[in-house]
Each structure stands twice: as structure tokens, then as C-alpha cells.
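The block underneath contains the structure these notes are about, expressed in C-alpha cells.
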Amino acid sequence: MKTRVVGIIGLVAVVAAAVFGLFVVPADLNQGDAQRIMYPHVASAWLGYLSFGVTALAGLLYLWKRDLRFDAVALAGAEVGVMFTAFAIWGGMMWGKPVWGTFWQWEDPRLTTTALLLALYVGYLLLRRLTDDPSRRATRAAIVGLVAAIDIPIVHFSVIWWRGLHQTATIGDPSKLLHPSAPPLFIIALMSMLTAFTFVWGYLMIRRYQLARIDWQIEEHGRLGRISAARRAAAANAGRAVAPALDARTEEVAP
Amino acid sequence: MNGFRQTAGVALTIARKDALAELRGKHAATSTLFFAAIVLLLFGFALGPDSRRLQEAAPGLLWLAIVFAGLLAVGRLHLIETQDAALEQLALYPIDRRAIYAGKALSGLAAMLVLGIVLLGAVAILYGIDLAGAWPALAATLLLGCIGFAAVGTFYAGVTVRMAAREVMLPLLMLPVIAPLLLAAVKATATALGGDPFGELGAWLQLLAGYDIVMLIAGAGTYGFLLEE
Amino acid sequence: MTDIGFIVAAYGVILGGMAVYAITLRRRLASLRDVSLRIRGEAAAADERPDEAP
């Protein structure tokens with residue numbers, strides 16, 4: 001029941017942070033009210049990256065310990081993460097149109113890196129879906145997740161270098177919020193939104209993990225059930241006391 | 001360093017086996033080259049007929065063509081291993097997994113280099129690019145870019161070769177990871193062709209080299225897990 | 001203020017999306033927990049049955 005508490009805290013905190021960010025905090029001098037979009041946008045982005053770190057780490061732990069529970073954590077991280085990453089891109093686009101005049105900007109390393117992160121996530125989830133055997137799926141996912149995680153910082157830095165040669169001063173720089181000279185109320189708004197989102201993230205991760213475990217148990221049960229049913233049928237057909245020696249770990253026998 | 005020599009020997013043997021298979025094969029390699037050339041032609045139709053625009057876009061188009069054709073090439077190099085359970089048999093030998101990875105990556109590199117050189121010539125002809133004077137820089141860019149592509153491609157080809165939807169999964173998984181390589185290779189090529197007025201070439205080549213090293217280590221480190229399947 | 005549309009779109013999708021996902025997870029967990037309990041009940045019953053082979 002602790003999970004439910006986390007969820008309720010998250011719900012209340014998100015509502016409070018949203019009210020704060022939308023109605024209490026003043027608008028930005030340059031960006032106007034569009035600035036408010038930054039709070040959920042940045043929070044989503046951070047949680048998207050955090051989730052990917054969790055997925056990569058859980059995959060590494062699976063490769064080391066071969067415990068499928070780590071794989072369940074990796075799956076939870078990927079699904080929750082792809083959602084937050086999509087939110088981050090959506091928020092970035094909604095902010096970009098009023099402030100930049102366009103939905104997209106190639107020179108913003110955060111936006112382009114996040115888009116690539118989304119692509120990596122989608123590939124990871126598709127890879128999982130297309131692999132049936134649980135341990136093979138977990139292994140493949142783990143190594144793909146690791147290489148993808150290694151790629152992210154490389155992408156980020158290369159886009160920064162890419163941009164560095166085309167310095168254009170943009171009125172609305174998203175990193176303004178992280179600047180030490182940002183107005184304190186803005187920082188409070190961002191931090192409260194981030195904290196609230198993190199509680200929700202924790203709740204969603206736990207629930208998705210539980211769901212993954214139950215899914216696996218049902219899958220396993222189905223598989224073992226088919227094997228023992230086939231074994232019984234074979235024993236009955238043979239009409240003798242000796243049933244063929246089938247190791248429960250062998251591949252599925254067609255009924 | 002007996003261990004290293006043995007590993008290198010194994011890698012070279014695998015690479016040579018792949019090369020022989022390609023040379024004796026059914027002209028799949030030349031088909032890939034023709035595919036790449038057609039892609040370059042189509043780029044011309046898409047972005048032309050203004051030759052100025054094509055010349056400006058040439059570095060990007062060159063590397064896009066290399067990437068698309070490269071996907072076919074590295075995919076095919078792993079496909080031959082699925083016949084007669086060749087990969088499994090390889091894995092049974094008491095050799096370092098990294099040697100197998102190195103061997104496949106080496107043959108991948110050879111294929112990519114051939115592709116790159118031919119396409120460079122094609123781009124020079126089709127888009128009217130003058131290559132003179134930029135030879136060393138172009139060669140370095142091509143080499144570093146192909147190493148990176150082969151390193152990443154060998155890994156993902158190994159992951160996807162046994163999947164049902166492998167033709168789409170290979171590009172889907174690989175292209176996002178290849179983005180920094182593409183970015184840097186195009187910039188390096190453009191800089192080299194433009195005479196490098198700002199002295200950026202070194203930075204881009206360094207980025208490529210760094211990418212190559214990281215990806216080679218990552219690929220070699222994880223490839224072994226694929227052979228357990 | 002023309003920015004309001006973008007703000008509503010941003011907050012609406014993000015907050016709404018989290019809520020939808022949370023509700024979906026709860027529903028799937030609830031229904032699968034029933035299945036899981038049933039399975040474990042069957043397994044426990046099967047353990048008590050005598051061996052099949054004559």
C-alpha cells in the first residue's frame with residue numbers, strides 16, 4: 001500500500017505545482033506566458049533521461065546476475081521513459097512555436113538529442129516486442145540498451161559542436177532556467193514540478209514493474225502448462241507406465 | 001603477447017573467409033554498389049537541377065548514400081552466418097568472442113571502404129565536385145567514418161540477424177546511433193572540400209575517432225552475449 | 001493572449017497523458033491479478049492430486 005501513498009502524493013504535488021506554475025509565478029519578461037511550459041517540459045525531459053539510465057543499468061545488472069526481475073525493471077524504465085520523452089518533445093514544440101516562431105530548431109542540442117532518445121526508446125521497445133523467448137529478449141534488450149545509453153552523451157556533444165559554428169542569438173534560450181541568475185520564483189516552480197513529477201514517476205515505475213512480473217508469471221505458467229499437458233497426453237497415448245523423458249526446459253512441444 | 005596474436009589471427013581468418021565468400025558470391029556486392037549509385041542519381045533528381053545546390057549538399061548526399069548502402073552490406077555479412085548454423089559453430093571454438101566481432105567488423109570495414117571510394121568518385125562526377133588537394137583529408141574522413149559504421153553495423157546486424165523483421169529492425173536500431181557519425185563525417189567532408197578556412201577539420205576528425213573507439217569497445221564487449229543464444 | 005492555446009496544449013497533454021497511463025496501469029494490474037490468483041489456485045490444487053502416471 002506504500003505505492004498508493006506515493007501515487008497520491010504525486011497526484012497532489014502535480015496539481016499544486018501546476019497551479020503554482022500557471023497562476024502564481026509571474027510571466028517571463030521576454031517569453032511571456034509561454035515560459036510556463038518550461039516547467040513540465042524540463043521536468044519531463046529529466047525524467048526521460050533518468051528512466052533511460054535506469055533501463056541501461058537494469059540491463060547491465062541482468063547480464064551480470066541473470067535475474068529476470070532486473071529485466072522487468074528495464075522494461076518499466078523503457079515504457080515510462082518513452083512517455084516522458086514524448087512529453088518533453090511535445091512541450092518543447094509547444095514552447096518553440098510562440099517563442100521561436102517554429103515548432104522545431106536544429107540548433108538546440110537538447111531538442112535534437114531528446115528526439116534521438118525517443119527513437120532509441122522506440123527501437124528498444126520494438127526489439128522487445130519482436131522477441132518471444134524471455135531470456136533471449138532480456139539479453140538482447142540489455143545490450144541494445146547499453147549501446148544506446150553510451151550513444152546519448154556522444155549525440156549531445158556532437159550536436160553542441162555542430163551548432164557552435166553557427167552562433168545565432170535566440171531570444172528564448174531554454175537553458176535560461178538553469179542559469180544561476182534566474183529569478184528565484186522560476187527556480188522554485190521548476191523544482192516543485194520536478195519533485196512532483198518524480199513522485200509520479202516512482203509510482204508509475206513500481207506499477208509497471210509489478211505488471212511486468214505478473215505478465216511473466218502468466219506467460220511462464222502458460223508455457224509450463226502446455227509442456228505438462230503434452231507430457232500427460234504422450235503418457236496416455238503410449239499406454240505404458242513410462243512417459244518420455246522431457247526436460248521441462250526443452251522447447252515447447254506442439255500438442 | 002600470445003593471446004593477442006591468436007585473437008588477431010582469428011579475426012583475420014574470419015575477415016578473409018567473408019571476403020572470399022563475397023568474391024565467389026552471386027554479385028551481391030556489386031548490386032550494393034549499383035544501388036548506392038542509383039541513390040545518388042535519385043538525389044540529383046530530387047534536389048537538382050541547380051548544380052550549385054547539389055554541390056553544397058554533396059557531402060551530405062555522399063554520406064547518406066554510404067549509410068543506406070552500408071545497411072545492406074553489413075546486414076548481408078551476417079546473413080551468411082545464419083546458413084548451416086555457422087555462427088553457433090564459430091561460438092563453439094574456444095576463442096575470444098571479441099575475435100569474432102573483430103573479424104566481422106573487419107570485413108564490414110573492407111566492404112564500407114570499397115563502397116565509400118566508389119561513391120566518392122561518383123559524387124565527384126555527378127555533382128561536379130573537385131577533389132584535388134583534399135585527398136588526405138578525404139581519405140582520413142572516409143577511413144574513420146567507415147570504421148565507425150562497421151563497428152556499429154556489425155553489432156546491430158548480429159542482434160537483428162535472427163529476428164523476423166530484421167530488414168526493418170537493423171536500420172531502425174542503428175540509424176539513431178549513427179547520427180553523430182553522420183554529422184561529423186559530413187562536416188569533415190565539407191570542411192575538407194572547402195579548404196578548411198577555420199581550421200575545424202581536426203575537431204571533426206577527433207570526434208569521429210572518439211566515436212570509433214567508444215563504439216568498437218562497446219561492440220566488442222557486448223557481442224559475446226549474442227553468441228549465447 | 002495567443003499563447004494560451006500552446007500552454008493548454010502542453011499542460012493538457014502532459015498531465016493528461018500521465019493520468020491516462022496511470023489509470024491504464026491500474027486497470028491492467030487489477031484484471032491480471034485476478035488471473036494470477038486463479039492460476040495459483042489451480043497450481044495448488046494440482047499439487048494435491050495424485051500422480052498421473054499409472
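Looking at region A:66-77, is at least one residue over 19 Å from the mean Cα position of the chain (by Cα) and surrounded by fewer than 20 Cβ atoms within 10 Å (Cβ to Cβ)?
In the first step, residues of region A:66-77 are kept if they are over 19 Å from the mean Cα position of the chain (by Cα); the result is A:66-67.
If we keep only those that are surrounded by fewer than 20 Cβ atoms within 10 Å (Cβ to Cβ) as well, we get A:66-67.
Yes: region A:66-77 contains one or more residues that are over 19 Å from the mean Cα position of the chain (by Cα) and surrounded by fewer than 20 Cβ atoms within 10 Å (Cβ to Cβ).
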Confirm whether B:Phe68 is surrounded by 15 or more Cβ atoms within 10 Å (Cβ to Cβ), under 16 Å from the mean Cα position of the chain (by Cα), within 30 Å of B:Asp130 (Cβ to Cβ) and among the hydrophobic types (A, V, I, L, M, F, W, C).
yes
Check on A:Tyr124, in contact with a Gly (Cβ under 8 Å, 6 or more places away or on another chain), within 30 Å of A:Arg4 (Cβ to Cβ), within 12 Å of chain B (Cβ to nearest Cβ) and modelled with pLDDT of 85 or more:
yes
Just for region A:221-248: of the residues that are in contact with a helix residue (DSSP H, G or I) (Cβ under 7 Å, 6 or more places away or on another chain), within 12 Å of another protein chain (Cβ to nearest Cβ) and not in a helix (DSSP H, G or I), which one is modelled with the highest pLDDT?
A:Pro244
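Could you please let me know if A:Ala43 is surrounded by 18 or more Cβ atoms within 10 Å (Cβ to Cβ), within 12 Å of another protein chain (Cβ to nearest Cβ) and over 15 Å from A:Leu117 (Cβ atoms)?
yes
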Quick check: is even one residue across region A:85-99 closer than 23 Å to A:Thr55 by Cα, within 16 Å of the chain's Cα centre (by Cα), within 14 Å of chain C (Cβ to nearest Cβ) and in contact (Cβ under 8 Å) with a residue 60 or more places away in the chain?
no
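With respect to A:Trp46, determine if the residue is out of contact with any Ser or Thr (no Cβ under 8 Å at 6 or more places or on another chain), free of Cβ contacts under 8 Å to residues at least 40 places away in the same chain and in a helix (DSSP H, G or I).
Details: out of contact with any Ser or Thr (no Cβ under 8 Å at 6 or more places or on another chain): yes; free of Cβ contacts under 8 Å to residues at least 40 places away in the same chain: no; in a helix (DSSP H, G or I): yes.
The answer is no for A:Trp46.
Can you name the residue in region A:145-156 that is without any contact (Cβ under 8 Å) to a residue 24 or more places away in the chain and at the interface with chain B (Cβ under 9 Å from one of its Cβ atoms) and is also nearest to B:Thr222 (Cα to Cα) among such residues?
At the first step, the residues of region A:145-156 found to be without any contact (Cβ under 8 Å) to a residue 24 or more places away in the chain are A:147, A:150, A:153-154.
Right, trim to at the interface with chain B (Cβ under 9 Å from one of its Cβ atoms) and you get A:147, A:150, A:154.
On the way: A:Val147: 9, A:Ile150: 12, A:Ile154: 18 Å.
It comes out as A:Val147.
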Of A:Val99, A:Val144, A:Val80, which residue is modelled with pLDDT under 95, assigned to a helix (DSSP H, G or I) and buried (at least 22 other Cβ atoms within 10 Å of the Cβ)?
A:Val99
Of all residues being at the interface with chain C (Cβ under 8 Å from one of its Cβ atoms) and in contact with a helix residue (DSSP H, G or I) (Cβ under 6 Å, 6 or more places away or on another chain) in region A:7-21, which is surrounded by the fewest Cβ atoms within 10 Å (Cβ to Cβ)? Just the residue, please.
A:Gly7
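Can you find even one residue in region B:45-59 that is within 14 Å of B:Met112 (Cα to Cα) and in contact with a helix residue (DSSP H, G or I) (Cβ under 8 Å, 6 or more places away or on another chain)? Give the derivation first.
The first filter runs over region B:45-59 and keeps only residues within 14 Å of B:Met112 (Cα to Cα), leaving none.
The answer is no, given that none of the residues of region B:45-59 is within 14 Å of B:Met112 (Cα to Cα) and in contact with a helix residue (DSSP H, G or I) (Cβ under 8 Å, 6 or more places away or on another chain).
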Does any residue of region B:112-127 turn out to be in contact with a Gly (Cβ under 8 Å, 6 or more places away or on another chain) and free of Cβ contacts under 8 Å to residues at least 60 places away in the same chain?
yes
Does B:Ala192 satisfy being at pLDDT below 95 and closer than 20 Å to B:Ile117 by Cα?
yes
If you scan region B:194-220, which residues turn out to be over 20 Å from the mean Cα position of the chain (by Cα) and surrounded by fewer than 20 Cβ atoms within 10 Å (Cβ to Cβ)?
B:Gly194, B:Gly195, B:Asp196, B:Pro197, B:Phe198, B:Gly199, B:Glu200, B:Gly202, B:Ala203
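The values are calculated or read from the model by the stated rules, or taken from the named source; none is laboratory data. Computed from a predicted structure; not experimentally measured. Glycine gets a Cβ as well: all are built from the backbone with ideal geometry, and neighbour counts include every protein chain shown.
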